[in-house]
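Below you'll find the structure, written out as structure tokens, and then a few comments.
The values are calculated or read from the model by the stated rules, or taken from the named source; none is laboratory data. Keep in mind it's a predicted model, so treat the numbers as computed, not measured. Backbone-built Cβ (ideal geometry, glycine too); neighbour counts: all protein chains shown.
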Amino acid sequence: MTSELGELVTADLRKAWSHEAHDFTPWLAENLDRLSAVIGLDLDLEGCEVQVGPYRADIVANDPSDGTRVLIENQLEDANLQHLGQVLAYLAGLEAKVVVWIAKEFDQQHRSAIRWLNDHTDDPFAFFAVRVRVVQIGESPLAPVFEVLERPNEWDRRVHDDVRTGELSELGQFRRDFWNHVASKHPTEVRPNYAASSVRHDVEATDLAVTQFVARHEVGVFLVGKRGERDKEVLARVKPYRKALQEKLGAKPTDKWGTSVLAMDTRDPTNWDRAAEWLHDQRKKYEKVLRDVSD
């Protein structure tokens, strides 16, 4: 056994991420699995810097098991009341049910506020206070550490029970049944038992992805950028493809994201065959446009 053991030390967060919005938020968006592991909830990214009134929510994600929307608010400094107020304002605008507040440190006042919210709200609302640190041994690479300081009462047991029983909300059950039907027709479109509202397909050799979605009155396809990328940067890259999409699809995409939709009552399972074929066909057309224009 070696007698020379290194010492684990805490480093300055700014050594890992010099800027909260430009560095930490994009990194976290690309590494949501690290956060998932400590809060016990699977997370699929929906977007970064999402507009909510006069503010922008850092990260919006969802639980793919039932589509529950998750708001993630980041601070590379100590928690403050301004961010707590913003978090509460975002809840209504985003219809989020789970809030994850990440900061360098939380004092007792802020921890008590999160505890109070968990004690005075019912399921499915849940509030987390998560401390972020970076550590290293000697000159080793910096390693991020997430520590959950506050979580809902009985959260660990609830997560365990939900996994064991496979319990889904009515919306989550609908989405899972719909995507399972799509997968039965085209297995490459989506993994079994997927229950989020949208499915992302990265396209090799491009910086864009094709996303399929299901809503109450339509299914659709649109373009998105790299995970964690700002909307302004993505839109600048999407713009050159819109004309090509119009020519290939024979119809003008409905918005700046190059969205195409097929109107239908998606709650009626007799429409699902048509939806599955349309989504599969549109995805192939979108991917061909992306590759042709990129070449």
**OP:** Could you look through the stretch 199-234, keep only residues that are without any contact (Cβ under 8 Å) to a residue 24 or more places away in the chain and either in a strand (DSSP E or B) or in contact with a Ser or Thr (Cβ under 6 Å, 6 or more places away or on another chain) (or both), and pick out the one that is surrounded by the fewest Cβ atoms within 10 Å (Cβ to Cβ)?
**Re:** 202
Original post:
Can you tell which of 88, 94 is under 20 Å from residue 214 (Cβ atoms), out of contact with any Gly (no Cβ under 7 Å at 6 or more places or on another chain) and either of a type in the set (Lys, Arg) or surrounded by fewer than 19 Cβ atoms within 10 Å (Cβ to Cβ) (or both)?
Top reply: 94
Original post:
Hey, among 67, 40, 53, which residue is under 12 Å from the mean Cα position of the chain (by Cα) and at positive phi?
Top reply: 67
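Take residue 130 and tell me if it is surrounded by 14 or more Cβ atoms within 10 Å (Cβ to Cβ) and at pLDDT 90 or above.
So residue 130 fits the description; yes.
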**OP:** Residue by residue through the stretch 236-295, note down the ones that are assigned to a helix (DSSP H, G or I) and among the polar types (S, T, N, Q).
**Re:** 246, 270, 271, 282, 294
Subject >> Selected residue (only one of 257, 272 is at pLDDT below 90, in the same structural domain as residue 206 (by TED's automatic domain parsing) and surrounded by 15 or more Cβ atoms within 10 Å (Cβ to Cβ)) >> reply: 257
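I'm checking my understanding of the structure. Among residues of the stretch 275-284 that are within 17 Å of residue 200 (Cβ to Cβ) and in contact (Cβ under 8 Å) with a residue 12 or more places away in the chain, which one is surrounded by the fewest Cβ atoms within 10 Å (Cβ to Cβ)?
280
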**OP:** List every residue pair whose Cβ atoms sit under 8 Å apart, with the two residues 6 or more apart in sequence or on different chains, where the first one lies in the stretch 25-51 and is touching a residue at least 40 places away in the same chain (Cβ under 8 Å) and under 17 Å from residue 226 (Cβ atoms) and the second, anywhere, is assigned to a helix (DSSP H, G or I) and aliphatic (A, V, I, L, M).
**Re:** 28/35; 44/32; 45/29; 45/32; 48/29; 49/21; 50/94
Original post:
Looking at the stretch 63-85, is at least one residue buried (at least 17 other Cβ atoms within 10 Å of the Cβ) and touching a Pro at 6+ places or on another chain (Cβ under 8 Å)?
Top reply: yes
